[in-house]
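The values are calculated or read from the model by the stated rules, or taken from the named source; none is laboratory data. Everything quoted here is computed from the prediction, not taken from an experiment. Heads up, the Cβs are rebuilt from the backbone with ideal geometry, glycines too, and the neighbour counts pull from every protein chain shown.
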Amino acid sequence: MQFGEASRTARAAAFHRAAHQVLERGRIFADPLALRILGKDADTIARQAEQDPSARRMRMFIAARTRFAEDALAAAVERGVGQLVVLGAGLDTYAYRGALRERLRIFEVDHPATQAWKRERLAEAAIPMPAWLTFAPIDFERESLAEGLAAAGFDPAAQTFFTWLGVVPYLTEEAVWLTLSFIAGLPNSAHVVFDYSDPPESMSPEARARHDRRATRVAGLGEPWRSYFEPERLHAKLRGVGFCEVEDLGPPQIASHYFGSGASAAERGGHIVRAAKV
């Protein structure tokens, strides 16, 4: 992201969530606030989305990962989770419309510039800040996640669920494992849902070409992709840092879960992972 500016990829993710509400009628993931917080009407969203038909794959992946995260959160709440941390929150709207939001203490973590932009969008959309939500602006060049959450009043002893969507590919592998180790090191049960990509060299030529086009696009926004993982090695390391449950949906599993049994998908590409220590 550019210094002092809100994340451009956070804007893009918010656009894809809104476009899913318009073009697919929120079939996978329903968000009644997606257009409102973005500040665009349905006709504008549809017109802009249809200018790039190739964006549909990313839009549907974003819808699926959000649905997966919120379903996993609901199951975790029934197991006693009472605290939610949204890492890289962008224009995420769960705290303002989620079915279980009033049963949770919610922290939204993001760069100060991105959170300032979100506050502006909330005010313009007349979406009030709920009592259960705390913003935790963290500049990771100056403070750690642990320090930023502590300053916001996070309770490390409470059972906690972390969502970390659309962030891992932009981080170095070292930064990814620092965050995952922090979550796994909490004294009580902890859960995290995040997404990642297979290494480009492992993809089919067609999937590699799609990846390279998207990678060029986000690099042009000043937010290049930095990390890729082989699933088996990732799972082993997740267990090594303390997670005892690992669920990983790759492209074929995402397609069958959310797009129907007849949906086609590449064997390699984007994954959605749930890891937990209980």
Tabulated pairs, the range 131-156, first over 20 Å from Ala113 (Cα atoms), second among the hydroxyl-bearing types (Ser, Thr, Tyr) and at pLDDT 95 or above, C-beta under 9 angstrom, 6+ apart or interchain: Gly153/Thr134; Phe154/Thr134; Phe154/Thr160
Subset of the range 131-144, residues surrounded by 13 or more Cβ atoms within 10 Å (Cβ to Cβ), within 17 Å of Arg105 (Cα to Cα) and either touching a Pro at 6+ places or on another chain (Cβ under 7 Å) or not polar (S, T, N, Q) (or both), comes to Trp132, Leu133, Phe135, Ala136, Pro137
Would you mind stating whether Asp41 is among the charged types (D, E, K, R) and modelled with pLDDT of 95 or more? yes
Of everything in the range 240-249, what is surrounded by 15 or more Cβ atoms within 10 Å (Cβ to Cβ) and touching a strand residue (DSSP E or B) at 6+ places or on another chain (Cβ under 7 Å)? Give them in sequence order. Gly242, Phe243, Val246, Asp248, Leu249
What single numbered condition from (1) under 18 Å from Asp71 (Cα atoms); (2) surrounded by 14 or more Cβ atoms within 10 Å (Cβ to Cβ) fails to hold for Ala265? (1)
The range 151-181, residues that are under 12 Å from Lys277 (Cα atoms), assigned to a helix (DSSP H, G or I) and of a type outside the set (Gly, Ala, Ser): Leu180
Flagged in the range 118-149 as at pLDDT 95 or above and part of a loop (DSSP other than H, G, I, E, B), in numbering order, are Ala125, Ala126, Ile127, Pro128, Met129, Pro130, Ala131, Trp132
Within the range 235-264, which residues are farther than 22 Å from Arg25 by Cβ, aliphatic (A, V, I, L, M) and either modelled with pLDDT under 90 or in contact with a Phe, Trp or Tyr (Cβ under 8 Å, 6 or more places away or on another chain) (or both)? Val241, Leu249
Which condition number in (1) surrounded by 13 or more Cβ atoms within 10 Å (Cβ to Cβ); (2) within 23 Å of Phe68 (Cβ to Cβ) is the one that Glu232 fails? (1)
